[in-house]
Amino acid sequence: MKGVILAAGYATRFLPASKTIPKEMFPIIDTPAIDYIVKEMVNSGIQDILIVSSRRKKSLEDYFDHEIELETTFTEAKKLDRLEKIEPIAANIFIMRQHYMMGTGNALMLVEPFVSGEPFVVAYPDDIVLGDPPLSKQLIDAYNKTGNTILAVQEVKEDVSRYGVIDPEGTEGVMGVRQMVEKPDPGTEPSHLVSFGRYLYTPDLFDILRQTVDDAREGEFTQTEAINSMARVGKVSAVRFTGQRYDVGEPLGYVQTTIKLALQDKRYREELLQFMKEQVDGAK
């Protein structure tokens with residue numbers, strides 16, 4: 001099984017910072033967001049990972065490479081704890097540039113040679129999910145049961161009109177999917193099960209993408225119609241995943257995620273709680 005991370009977008013919600021710094025490299029305390037995604041895949045048994053990037057994101061490539069100067073400095077100073085922090089992840093990381101921002105459907109078509117006719121996991125770095133087993137492993141397990149394309153879903157109690165919402169067959173375990181509706185009008189949603197940030201695709205995705213590309217509106221070629229084409233013939237399933245999801249795809253979610261994970265870190269918890277209390281008291 002191979003992994004694909006789609007990280008070529010402009011991240012306009014994070015301007016001006018994302019003008020020069022890839023959103024995927026924004027630190028959550030001291031760890032870039034994309035690091036969590038790669039480790040999720042590696043911990044799920046995936047060793048070959050392709051990052052679909054773009055011209056402005058060379059720091060993504062650098063992050064997953066050796067940093068010779070720092071390694072030499074830390075080795076000579078016998079600072080082994082720091083040396084361990086910069087050790088590259090034990091995986092085969094490949095980088096491909098999406099030259100034109102033509103939507104996720106286009107990005108997925110680019111990865112066909114990499115996956116070599118095998119199923120593959122796709123991640124969008126807007127969502128970090130921490131759990132045991134890792135989210136990618138949950139999708140792989142569901143695929144091994146069904147042989148289908150797998151969507152990762154969770155129930156959202158509130159308004160779901162800004163999400164992709166599935167029409168499920170059943171509500172527990174590995175569910176069949178009749179269709180996925182993007183951003184349904186309030187009151188028209190087929191369920192409150194929302195698709196979040198991870199997919200396991202079977203290779204028949206690519207033929208269907210080629211069939212739908214001409215029908216896509218310029219700049220909006222996504223994977224949704226391909227998913228629905230496969231769903232119509234019973235080839236899409238969904239798993240209600242376990243684990244804690246953290247939203248890093250927009251500024252408020254990014255700040256909240258940083259605070260939540262800092263509160264789980266014993267290095268920062270007590271001082272951060274005191275600081276937050278002071279801020280709340282000062283705002284009264």
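Taken together, the values in this text are just the output of simple stated rules run on the coordinates, not laboratory data. What you are looking at is a predicted structure, and each value in this text was computed from that prediction instead of being measured. Because the Cβ atoms are built from the backbone with ideal geometry, glycine has one as well, and the counts that use them run over all protein chains shown.
With the convex hull built on the Cα atoms of segment 1-115, state its orientation-averaged projected area in nm².
Working: hull surface 32.5 nm².
One quarter of the hull surface, i.e. the mean projection, equals 8.1 nm².
Near Ile46, within a Cβ-to-Cβ distance under 10 Å, what is the net charge of the other residues, with Lys and Arg +1 and Asp and Glu -1? Result for the local shell: 0. When the listed pairs Lys39/Lys145; Lys79/Lys260; Lys19/Lys183; Lys39/Lys85; Lys137/Lys183 are checked against a 20 Å cut-off, the alpha-carbon distance exceeds it for Lys39/Lys145; Lys79/Lys260; Lys19/Lys183; Lys137/Lys183. Which shape class, rounded, prolate or oblate, goes with segment 216-273 when its Cα gyration tensor gives a ≥ b ≥ c as root eigenvalues, a/c under 1.5 marks rounded, and past that a/b bigger than b/c marks prolate? Oblate is the answer for segment 216-273, as a/c is 1.5 or above yet b/c matches or exceeds a/b.
Report, in cubic angstrom per residue, the convex hull volume of the C-alpha atoms of segment 36-185. It would help to have the intermediate numbers written out before the result.
Numbers: hull volume 24.4 nm³, N = 150.
Here the figure is 163 Å³ per residue.
If you run the Gaussian network model on the chain, springs between alpha carbon atoms under 10 Å, then out of Glu250, Glu271, Glu67 the most flexible one is Glu271.
Give me the net charge for the shell around Arg55: Cβ to Cβ below 14 angstrom, other residues only, Lys and Arg +1, Asp and Glu -1. Intermediate values should be presented prior to the final figure.
Details: positive: Lys19, Arg56, Lys57, Lys58, Arg97; negative: Glu61.
Once all neighbours under 14 Å are counted, the net charge is +4.
Near the amide H of Ile28, within less than 5 Å, lie the amide hydrogens of Ala33, all on another chain or at least 5 residues away, with H placed in the peptide plane. Under the criterion of Cα pairs below 8 Å and six or more residues apart, the relative contact order for segment 106-182 equals 16 percent.
Here the Kirkwood formula, the inverse mean of 1/r across different C-alpha pairs, assigns segment 107-212 a hydrodynamic radius of 14.8 Å.
Within the chain, antiparallel bridges make up roughly 55 percent of the DSSP beta bridges whose residues both belong there. The fewest-to-most ranking of Leu252, Leu60 by surrounding Cβ atoms within 10 Å reads Leu252, Leu60.
Based on the Kirkwood radius over alpha-carbon pairs, what is the Stokes-Einstein translational diffusion coefficient of the chain at 20 °C with 1.002 mPa s viscosity, in µm²/s? Could the numbers behind the result be given before it?
Numbers: Rh = 20.3 Å.
Once the numbers are plugged in, D ends up at 106 µm²/s.
Between the alpha-carbon centers of segment 150-208 and segment 245-275, tell me the distance in whole angstrom. Using only Cα atoms, the two centres lie 28 Å from each other. Using a Debye calculation, one point per C-alpha and no hydration shell, please list log10 I(q)/I(0) for segment 146-284 at q = 0.12, 0.17, 0.18 Å⁻¹ in order. Debye intensities relative to I(0), on a log10 scale: -0.62, -0.96, -1.03.
Residue order for Arg210, Arg198, fewest other beta carbons within 10 angstrom first, comes to Arg210, Arg198.
Taking all Cα-Cα distances within segment 84-128, those exceeding 17 Å account for 51%.
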